[in-house]
1. Please tell me the relative contact order of region 60-150 in percent, rounded to the nearest whole number, where contacts are Cα pairs under 8 Å and at least six residues apart.
2. With only Lys, Arg, Asp and Glu charged, each at its Cβ (+1 for the first two, -1 for the last two), find how big the charge dipole of region 219-380 is about the Cα centre; round to the nearest 20 debye.
3. Under 10 °C and 1.306 mPa s, how fast does region 219-380 diffuse according to Stokes-Einstein, given a Kirkwood radius computed over C-alpha pairs? Answer in µm²/s, whole number.
4. Give the order of 337, 95 when sorted by the count of other beta carbons within 10 angstrom, beginning with the fewest.
5. Taking other Cβ within 10 Å of each residue's Cβ, how do 233, 409, 105, 361 sort, fewest first?
6. Considering all alpha-carbon pairs of region 319-439, what whole percent are spaced by more than 21 angstrom?
7. Let me check I've understood the local charge: for residue 394, count other residues with C-beta under 15 angstrom from its C-beta, Lys and Arg +1, Asp and Glu -1. What total comes out?
8. Separation between the residue 403 and residue 63 pseudo-spin-labels, each 7 Å from Cα along Cα→Cβ, expressed in nm?
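FYI, it's all coordinate maths here, none of it is from the lab. Every value quoted in this text rests on a predicted model; they were computed, and no experiment measured them. Counting neighbours? That spans all protein chains shown, and the Cβs are built from the backbone with ideal geometry, glycine included.
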Amino acid sequence: MTDSHRSAFGEHGGESGGFIERTFRERIVLAGVTIPPATEEDTDAGLDELEALVDTAGADVIDRVVQRRQTPDPATYIGRGKADELRDAAEAADCDTVVFDDELSPAQQRNLEKILGRTAIDRTAVILDIFGQNASSQEGKAQVELAQLRYRLPRLRRGKTASLSQQRGGGAARFGGGETKLEVDRRRIVRRIHKLEAELRDVASHRETQRKQAKRSRTQSVAIVGYTNAGKSTLLNRLTDSGVLVEDRLFATLDATTRRLQLPGGEAVLLTDTVGFVRKLPHQLVEAFRSTLQVAADADLLVHVVDASAADPIAQMHAVRDVLVEIGAADVPELLCFNKADAAPEAKRLVDRHPGSVRVSALTGEGIEDLLIAVGDRLRAQTDLVELHVPYARGDVLAEVHREGEVLSETAGPDGVTVRARLDPAGAARLQAWASPSE
Ligand code: GTP
């Protein structure tokens with residue numbers, strides 16, 4: 001992998017480049033280790049997923065090498081003898097890069113590259129690479145770059161860095177003051193990390209303000225979650241195209257992935273796209289995406305998009321649910337949405353097996369109306385419809401109803417206002433004293 005062949009992401013990603021070649025499809029050998037209590041089947045399933053990830057990143061898997069061990073080798077992860085075998089397999093497959101299914105320490109990676117005579121990367125690098133290719137919003141790009149730099153920093157080494165000065169041909173090993181190039185690279189990356197952290201802190205505080213505004217206006221929020229490549233962004237765009245999008249300057253600021261949407265029932269919701277999920281989401285990514293992921297944990301409803309045409313949609317669904325647990329969103333109600341119905345005849349069977357789920361094609365628009373109706377139904381099911389009678393003297397109570405819920409109608413009577421409203425169960429209980437006698 002030469003620097004001139006760096007990925008597109010590397011070119012606009014500042015100091016961090018992609019990890020996988022993309023000017024042609026790289027040939028890859030996968031390596032996995034079964035460490036009890038994990039079984040060979042677990043390793044196979046992990047490698048199947050890794051193969052799909054490598055394919056998404058734009059490379060081809062030619063071969064796999066697996067080993068069973070009690071513990072990883074601290075120096076080479078796999079055993080020394082197995083590393084030689086892996087080198088032979090890589091040579092036979094004429095492959096450029098070996099991808100390991102688990103995270104390698106910087107030292108293990110260095111040692112393996114020496115033995116293998118080629119690039120050794122791990123699952124984390126592949127995932128960071130895919131996220132790098134897919135990041136579209138400014139915030140997303142900054143988050144991915146931060147995660148990549150945090151991953152790269154301890155792995156920087158002389159002669160092997162993808163630093164910009166090297167790409168530009170500034171290959172001098174030493175700079176003034178006796179500082180090595182490595183130290184200069186490291187310092188520059190640390191500076192860039194701090195800058196990105198500060199930028200993302202600003203976005204996070206902006207997001208917090210949005211969240212408070214949404215809470216105050218009682219706008220319910222819906223987060224789109226799903227496995228990487230499930231079609232989340234396409235779905236968000238489809239909803240935008242179907243004209244259900246409501247322009248709202250309040251929310252249409254920094255964060256390009258949040259839209260205000262009007263449901264068929266008339267109520268407005270905030271709809272947010274989140275990052276794609278995968279199994280063993282690297283902790284660097286979870287850290288960098290914390291404020292984005294928080295949106296899912298705070299949402300009133302998750303639309304969980306599942307690619308019905310994937311080789312194993314159920315496994316992807318479970319991988320997403322594992323991540324939801326990790327980010328504290330396990331208790332948020334979930335609406336399953338089987339996507340790519342146009343390309344997946346089995347979508348119907350999946351919907352039948354999951355009561356309450358819907359089948360859509362974000363590409364053709366099929367089922368989108370049903371999805372919107374289902375979202376409205378699910379949100380309404382979480383609120384209570386109440387009728388309150390508030391005396392004119394109690395303007396404060398009326399204000400509270402407006403603040404806490406969605407007012408459907410207000411009728412002025414001789415001694416007060418009759419209000420029909422939707423409130424969450426806690427709000428309904430608090431305002432119980434004002435309930436109309438008929439309620
Ligand atoms: P990440 O950003 O990786 O999380 O992906 P995503 O979930 O946002 O997926 P995205 O919307 O980028 O779609 C991934 C691929 O699936 C694209 O090539 C889409 O064109 C395709 N796709 C999305 N929805 C459909 C669909 O309903 N049918 C078909 N056939 N393809 C779809």
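1. Rounded, it is 23 percent for region 60-150.
2. 200
3. Diffusion coefficient, whole number: 101 µm²/s.
4. The order, fewest Cβ neighbours first, is 95, 337.
5. Working: 233 18, 409 9, 105 15, 361 22.
Listing 233, 409, 105, 361 from fewest to most nearby Cβ atoms yields 409, 105, 233, 361.
6. Working: 4115 of 7260 pairs.
I get 57 percent for the Cα pairs in region 319-439 exceeding 21 Å.
7. Working: positive: 403, 430; negative: 396, 400, 404, 410, 415.
Here the count lands on -3.
8. 6.9
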